[in-house]
Amino acid sequence: MKKLFLLSTLFLSIGIYADDHLPENFSMYQANFLFNCPEAEKCFAAFDKYMNSPIVAKEKFEVDFLALQQNGWDDSTHAVVWYYKDADQYAKAGEIFATSQEGRDFRKAMNDIEAEIISDTLTVHTVGVSLKGDTTSNRVSLRWSLEVTDAEKFLPLWTKFAKSLEGYDWAYNAYGLQSHYLGNNGNGISHEIWGSFSSPQDALTFLSELYASEEFAEYAPEADKYSIFKRSYMEVSLKQYNPD
């Protein structure tokens, strides 16, 4: 029953917030692949070759290849994130990966490197706000993974808190909240909060100011009533494909 309640409030929350908070260029779906790569340069080379193959390149998929930092949850070292504008893009990318020779070559290369997929999830944006900069300049993200136990109460609380930080000179360039549709990203995780920045230095300045702020001191104990913190980490974009 709890699972069904969480699912119903998740869809309710998407209906309440998505239309008012998402910029036009935000993707409808986001596929997130976190993996462990023992030889980072070889993993990147294999993925870059796949993305630049004619059959993939002509589709102009928007994708990020990311390095993970301060991830104490599991063995993930890197991530590949695919941003899909609609279900047709999602289906096309899956078809190419599953049936093409390029897809088979990429999978073999990753297996030969002994790269290991740690988590594979499909998420949607419930809230997304752009304040300054763009995809190409906001190359660093901080992420917090949560198990939200009462979405109807948590989402308005978090949205009000996130907006209260917008006016500070140390605030994020963009921020949002994603809800999980499919996959497994750790036991119980249902939502991801993120903030993006121009550099790791800006991200660390944000953390210092955030945790010392009056806004966070008021928000944190209330948020704990409706959510369970699971993990946090930093993502640094190593290469962006077709950013919009």
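Coordinate-derived values only; no laboratory data. Note that the structure is predicted; figures quoted are calculated from it, not measured. Using ideal geometry, Cβ is built from the backbone for each residue, glycine included, and neighbour counts are taken over all protein chains shown.
Could you derive backbone 3J(HN,Hα) for segment 36-41 from the dihedral phi with the Karplus parameters 6.51, -1.76 and 1.60 (θ = phi - 60°), listing whole Hz in sequence and x where the residue is Gly or Pro?
Karplus values, whole Hz, x for Gly and Pro: 9, 10, x, 9, 4, 5.
Which three extents, in angstrom, do the Cα atoms of segment 116-212 have along their principal axes, listed largest first?
36, 35, 23
Given H placed on each backbone N at 1.01 Å, which residues far from Arg231 in sequence or on other chains put an amide H within less than 5 Å of it?
The answer is Ser145.
Just the number, please: Stokes-Einstein D of the chain in µm²/s, Kirkwood Rh from C-alpha pairs, 20 °C, 1.002 mPa s.
114
Can you tell me, using C-alpha contacts under 8 Å and at least 6 residues apart, the relative contact order of the chain as a whole percent?
It rounds to 29 percent for the chain.
Tell me, in nm to one decimal, what length is gained between Asp105 and Asp169 on full extension, where the rule is 0.36 nm per residue of separation less the Cα-Cα distance?
Details: separation 64, 0.36 × 64 = 23.04 nm, distance 4.66 nm.
Fully extending the segment from Asp105 to Asp169 adds 18.4 nm.
Run the helix sum for the chain: -39,500 (n - 2.57) per DSSP H stretch of 4+ residues, divided by residue count, reported at 222 nm to the nearest 500 deg cm²/dmol. Intermediate values should be presented prior to the final figure.
Working: 8 runs with 100 residues, N = 244.
Theoretical 222 nm ellipticity from helices: -13000 deg cm²/dmol.
Treating only the Cβ of Lys, Arg, Asp and Glu as charged (+1, +1, -1, -1), what charge dipole size does the chain show about its Cα centre? Round to the nearest 20 debye. Could you put the intermediate results ahead of the total?
Numbers: 21 positive and 36 negative charges, 85 e Å.
Rounded to the nearest 20 debye, it is 420 debye.
Which residue, Ile117, Gln201, His191, has the largest displacement toward the positive end of the dipole of the chain when charges sit on each Cβ (Lys, Arg +1; Asp, Glu -1)?
Ile117
Can you return the aspartates and glutamates within cross-link range of Lys42? Criterion is Cα-Cα under 17 Å, with same-chain partners fewer than 8 residues away left out.
Within reach: Asp64, Glu102, Asp105, Asp112, Glu114, Glu116.
Could you calculate the contour length gain from Val236 to Leu122, that is, 0.36 nm times the residue separation minus the distance between their Cα atoms, to one decimal place in nm?
Difference between extended and current length: 39.0 nm.
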